Amino acid sequence: SGQFFNCTVVGNNAGVSGTVYNSIVYYNFGGNYAAGTTLNYCSTAPLPTNGVGNITGHPLFMDMAAGDFRLREESPCIDAGANLIAMNVGYTYDPTDMLGNTRFIDGNFDGIVAWDMGAYEFNSYPPPRFTCAPQRMPDCWRLSITGAPNKWVHVQRSSDLKNWEDCWSGWMG
């Protein structure tokens, strides 16, 4: 028991207990949650009597059999969570998912930015790509990058492919 934030709890021998926010609690053996558990903005079954903003629709993972619990484009969990920072519920962590993606994405394109349920934020934007090969100049490299509009791009460097540092950041207009 305790507080759970932005979790994906799947395939366990027992469900959760305590207070749960913005989580997917599904497909657990012996029940998804214990009696008295408060779920808020969660995807689970059956629909809990404690809490608000919950849904019972299947979460629609990318590939549950392979352990890929990212959300598919048609998942009802996209933009169905709540902004935990604004709720003042003791959430003190960065507003990012397990992969470092921001929680502030309009994943269902309805014009409203909302957090997703679960450990992974759905991100339909393509990653930045070089539009042509980097060009060596006399005192620098010239890079041409394209990516999703209104997104930050970070160019990083590494001498060992383990330790990385930013060498440029910019906004894709």
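The values are calculated or read from the model by the stated rules, or taken from the named source; none is laboratory data. If you're wondering where the values come from, they're calculated on a predicted model, not measured in any experiment. Cβ placement follows ideal geometry from the backbone for every residue including glycine, while neighbour counts extend to all protein chains displayed. In case anyone asks, the SASA skips ligands and DNA or RNA and just uses the protein heavy atoms, side chains included. Shrake-Rupley method; radii C 1.70, N 1.55, O 1.52, S 1.80 Å.
A few notes on this one:
- Some residue of the stretch 24-47 being assigned to a loop (DSSP other than H, G, I, E, B) and more than 17 Å from VAL9 (Cβ to Cβ): no
- The residues of the stretch 1-33 that are closer than 20 Å to GLY90 by Cβ and exposed (fewer than 15 other Cβ atoms within 10 Å of the Cβ), listed by number, are SER1, GLY2, GLN3, GLY18.
- Looking only at residues in the stretch 86-127 that are open to solvent by less than 50 Å² (accessible area, probe 1.4 Å) and of a type in the set (Val, Ile, Thr), the one that is modelled with the highest pLDDT is VAL89.
- The stretch 128-144 - residue that is under 30 Å from PHE104 (Cβ atoms) and modelled with pLDDT of 75 or more and, of those, surrounded by the most Cβ atoms within 10 Å (Cβ to Cβ): LEU143
- Test result for THR56, of a type in the set (Val, Ile, Thr), exposed (fewer than 15 other Cβ atoms within 10 Å of the Cβ), more than 15 Å from ASN6 (Cα to Cα) and at pLDDT 90 or above: yes
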